[in-house]
Amino acid sequence: MGHEQVVFCQDPATGLNAIIAIHNTTLGPSLGGTRLWNYSSYNDGLIDALRLSRGMTYKSAISGLNLGGGKAVLIGDASKLKSEAFWRRYGKFVNSLNGKYITAEDVNTSKADMEFIGMETEFVTGKPEYMGGSGDPSPVTAYGVFVGMKAAAKKAFGSDSLSGKRVLVQGAGNVGRYLMGYLTEEDAVVYTCDINESKLKQVTDLYPKVKVVANDSIFDLDIDIYAPCALGATVNTESIGKMKCPVIAGGANNQLEDEDVHGKMLQEKGIVYAPDFLINAGGIINISVEIEGYNKERAMSATERIYERTLSIFEVAEREGITTQLAAMLMAEKRLKEIGGLSIGM
Ligand code: NAD
């Protein structure tokens with residue numbers, strides 16, 4: 001996948017087993033979250049780190065940020081491993097890269113964990129607000145997904161109003177929950193599903209109009225918009241076969257199981273797909289603002305630009321007769337090439 005550097009870190013005393021993948025630093029230091037997950041094999045963890053860090057390169061490039069792509073994967077059981085010593089040992093490894101990799105929150109890592117990492121390195125973001133950080137990125141990510149979804153609605157239905165549109169949000173976690181807040185405010189008809197009952201209860205307590213549906217029958221529903229906000233690879237041959245929705249726009253990373261195959265299948269079926277790395281960039285945009293000195297208003301207005309960017313990707317895709325995924329990737333690659341070219345001969 002063209003990575004610049006992959007670092008393997010071990011500390012038997014704390015049980016730390018980390019892979020830091022630096023995909024590309026053409027635009028700036030690589031930045032991406034730290035994911036702590038009990039992978040079924042070391043190889044699965046490595047593949048995840050490689051795929052996710054590559055995704056970060058594209059996400060930052062298309063968002064106009066001066067950041068590269070990186071990601072860290074820590075292998076093991078979160079309920080057993082987390083401790084101050086564990087995070088500080090990891091922080092020392094991050095520090096040893098001298099800023100080539102900057103870390104942040106991801107699955108199973110919290111603001112408090114970032115605080116421990118921050119005791120050993122300055123190369124950490126997403127710290128709590130009281131430490132000058134930007135806190136939880138999910139509300140900003142959800143806002144970007146919301147405006148990206150509006151752009152997709154405009155393309156598919158001729159209007160960007162989501163009022164009355166039937167939207168299925170798969171995954172009622174952080175991004176899903178905030179997204180449902182924006183959707184109910186706009187009077188969309190919202191359905192959700194999750195494997196965790198407590199997350200569903202949290203959402204229906206907040207938004208009583210949201211309807212809960214069974215996980216295994218989501219594609220039987222008549223919906224206008226499918227918003228994947230749980231795991232990756234949910235857009236695949238089987239699910240596309242069942243889909244009746246004209247639009248896919250959600251927050252999950254790596255939604256297409258295979259970028260080429262499933263991007264084309266969606267195009268052939270006439271489903272408008274808002275590329276994930278384009279519309280879920282609110283979190284990284286938020287962090288880029290934190291690096292400059294945090295200001296929530298600036299983060300939100302920078303995230304709002306996802307709307308125009310998504311519309312222009314649809315335009316390019318239609319004009320060139322290519323998938324929206326490919327159009328977005330080519331736009332990111334163009335910026336990488338142009339900005340990378342600036343340093344030649346300097
Ligand atoms: P989260 O862990 O808070 O929420 C994910 C939810 O999905 C959980 O409630 C989980 O129970 C549920 N889930 C897992 N498997 C499921 C399944 N098979 N069916 C239904 N629900 C299932 O995570 P999050 O921060 O909300 O992130 C959601 C997605 O968005 C992830 O793919 C993440 O990588 C991506 N993302 C998040 C951010 C951010 O700012 N948090 C930024 C960019 C991308």
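What are the DSSP H helices in the chain that stretch 20 Å or more along their long axis, judged by alpha-carbon atoms, and whose average Kyte-Doolittle hydropathy comes to at least 0.5?
Taking the DSSP H segments of the chain (at least 20 Å long, mean hydropathy at least 0.5), we get 138-157.
Taking the Cβ-Cβ separation of Asn236 and Asn98 as r and a Förster radius of 25 Å, what is the calculated FRET efficiency to the nearest 0.05?
Once the sixth-power term is evaluated, E becomes 0.05.
Would you work out which of Asn38, Gly2, Gly76 lies farthest towards the positive end of the dipole of region 1-156, given +1 charges on the beta-carbon of Lys and Arg and -1 on that of Asp and Glu, about the Cα centre?
Gly2
Debye calculation, C-alpha points only, no solvent: report log10 I(q)/I(0) for region 228-346 at q = 0.11, 0.12, 0.14, 0.16 Å⁻¹, in the same order as the q values.
Per q value, in the given order, log10 I(q)/I(0) is -0.44, -0.51, -0.67, -0.84.
So if I take the alpha carbon set of region 84-182, get Rg, then get Rh from the Kirkwood formula, what is the Rg over Rh ratio?
Rg/Rh for region 84-182 comes to 1.15.
Looking only at region 71-90, which residues have a backbone nitrogen under 14 Å from a spot 7 Å from the Cα of Ile291 in the C-beta direction?
71
Largest first, what is the accessible-area ranking of Phe123, Phe146 with a 1.4 Å probe?
Phe123, Phe146
Could you please report the charge total around Tyr294, scoring K, R as +1 and D, E as -1 over all other residues with beta-carbon less than 14 angstrom from its beta-carbon?
With Lys, Arg at +1 and Asp, Glu at -1, the neighbours total -1.
Which one, Phe219, Gly176, Gln202, projects farthest toward the positive side of the charge dipole computed for region 175-231 from Cβ point charges (K/R +1, D/E -1)?
The listed residue farthest towards the positive side: Gln202.
Go ahead and estimate [θ] at 222 nm for the chain from helices alone: -39,500 (n - 2.57) per DSSP H run with n ≥ 4, summed, over the residue count, rounded to 500.
Only helices count here, giving -14500 deg cm²/dmol.
For Asp160, what accessible surface area do you get with a 1.4 Å probe? Give it in Å², rounded to 10.
About 50 Å², ignoring ligands and nucleic acids.
Check which residues have an amide H placed less than 5 Å from Lys211's amide H, if you skip close sequence neighbours.
Correct list: Val190, Tyr191, Thr192.
With the full set of protein chains in place, find how many percent of the accessible area of the chain is carbon and sulfur; take the probe as 1.4 Å.
The value for the chain is 51 percent carbon and sulfur by accessible area.
How large is the accessible surface of Ser83 in square angstrom, using a 1.4 angstrom probe and rounding to the nearest 10?
50
Let me understand region 13-147 better: what is its radius of gyration from the alpha carbons, and its Dmax, in angstrom?
That works out to 14.2, 46 Å for Rg and Dmax.
Using alpha carbons only, how many angstrom separate the centre of region 108-164 from the centre of region 224-239?
Each part's Cα centre sits 20 Å from the other's.
Could you pull the Cα extents of the chain along its three principal axes, largest to smallest, in whole Å?
53, 53, 40
For Met331, tell me the accessible area in Å² from a 1.4 Å probe, rounded to the nearest 10.
Met331 has an accessible surface of roughly 70 Å² with all protein chains in place.
Taking all protein chains together and a probe of 1.4 Å, list Glu120, Glu297, Glu238 from the most accessible to the least accessible.
Greatest to least solvent exposure: Glu297, Glu238, Glu120.
What whole-number value in cubic angstrom gives the convex hull volume per residue for the C-alpha atoms of region 298-341?
Here the figure is 75 Å³ per residue.
Quick check: Cα centre of region 181-207 to Cα centre of region 44-106, how many Å?
30
Using the Karplus curve 6.51 cos²θ - 1.76 cosθ + 1.60 with θ = phi - 60°, work out ³J(HN,Hα) for each residue of region 217-226 in order, rounded to whole Hz, and write x for Gly and Pro.
Karplus-based 3J(HN,Hα) across region 217-226 equals 10, 5, 8, 7, 6, 8, 10, 8, 9, 9 Hz.
For Asn66 and Lys80, compute 0.36 nm times the residue count separating them, minus their Cα-Cα distance, and round to one decimal in nm.
Working it through step by step, the gained length comes to 1.4 nm.
Between Ser163 and Lys269, what is the label-point separation in nm under the 7 Å Cα-to-beta-carbon projection?
Label at Lys269, label at Ser163, 3.0 nm between them.
Using a simple charge model, +1 on the beta-carbon of Lys and Arg, -1 on the beta-carbon of Asp and Glu, nothing else, what dipole does the chain show about its Cα centre, in debye to the nearest 20?
200
When only the heavy atoms of the protein chains count and the probe is 1.4 Å, how do Glu308, Glu259, Glu122, Glu84 rank by accessible area, highest first?
Glu122, Glu308, Glu84, Glu259
Positive end of the charge dipole of region 167-314 (Lys, Arg +1 and Asp, Glu -1 on Cβ, about the Cα centre): tell me which of Val189, Gly250, Ala230 has its Cα farthest that way.
Result: Val189, furthest along the dipole toward the positive end.
Got a sec to turn the phi values of region 243-248 into Karplus ³J(HN,Hα) couplings, 6.51 cos²θ - 1.76 cosθ + 1.60 with θ = phi - 60°, whole Hz, x for Gly and Pro?
Once θ is set to phi - 60°, the couplings for region 243-248 become 5, 10, 7, x, 9, 10 Hz.
The values are calculated or read from the model by the stated rules, or taken from the named source; none is laboratory data. Since the structure is predicted, the reported quantities are computational estimates derived from the model, not experimental observations. Cβ atoms come from the backbone with ideal geometry, glycine included; neighbour counts cover every protein chain shown. Surface areas here come from the heavy atoms of the whole protein model, side chains and all, with no ligands, DNA or RNA. Shrake-Rupley method; radii C 1.70, N 1.55, O 1.52, S 1.80 Å.
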